[in-house]
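Written out below as structure tokens is the structure these notes cover.
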Amino acid sequence: MKYLFICFAGLFTITLKAQPSSAPTNAEVVDLPALHITATRLFKNDTARYQYNELKLYVSMVWPYVDTAVHLFQSMEAQTSPLGTAAKRRYYRSREREIRSAFSDRLKELNSTQGKLLVLLLNRELHTTCARVLDESDGFLHSCYYRTWAALNGMPLNETYHANDYPELEAVLRALGHAGKEAD
């Protein structure tokens, strides 16, 4: 990593020296995407390495569900924006049956850690909490039931996602290429 930096710095100084000093200053400006340079990850011990790799595996397993859920939610929001509350709930319930039949079996195979991670990533990607989504789609009583069940199982339905609170998760998301959408 240090050699890469030295080579980059040397190339930069050579480029600066190669430009004539009497050249006009009407050069084009190009915006480049942000580049995150990270060093090889060092761990305190084998347990920390195992936990990081496990988190990376779990995120890669859960991410397709998160991506699908976000796209479904956004399309459903776009279709129901002109509707009233009762019509929205009817539409959500009709789509819920389809979604349950498509994903229920696969989601039941997730363990509790993967379920918590799924909720966290949904909170991150939707820029809202899952509890608010439940309140809007199912009403207060169903939402209360799901929030109580989630609280008993340690899932953060009411928790707003802040990238600073989950540095390991953000590092894994950057490593997997999902870093551009964080809420903070």
### Summary
Excluding ligands, DNA and RNA, the carbon-plus-sulfur percentage of the accessible area of the stretch 20-162 with a 1.4 Å probe reads 56
### Task
Express the accessible area of the stretch 15-172 per residue in Å², computed with a 1.4 Å probe while the remaining protein chains stay in the model.
70
### Candidate residues ARG100, ARG124: accessible-area rank, largest first, probe 1.4 Å
ARG100, ARG124
#### Entry: Table column - 3J(HN,Hα) (Hz), the stretch 77-91, Karplus curve with 6.51, -1.76, 1.60, x for Gly and Pro
5, 5, 6, 9, 4, x, 7, x, 4, 5, 5, 4, 5, 4, 5
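The values are calculated or read from the model by the stated rules, or taken from the named source; none is laboratory data. On a predicted model such as this, the values are computed, not experimentally measured, just so you know. Note: accessible area is taken over every heavy atom of the protein model, side chains too, but ligands, DNA and RNA are not part of it. Shrake-Rupley method; radii C 1.70, N 1.55, O 1.52, S 1.80 Å.
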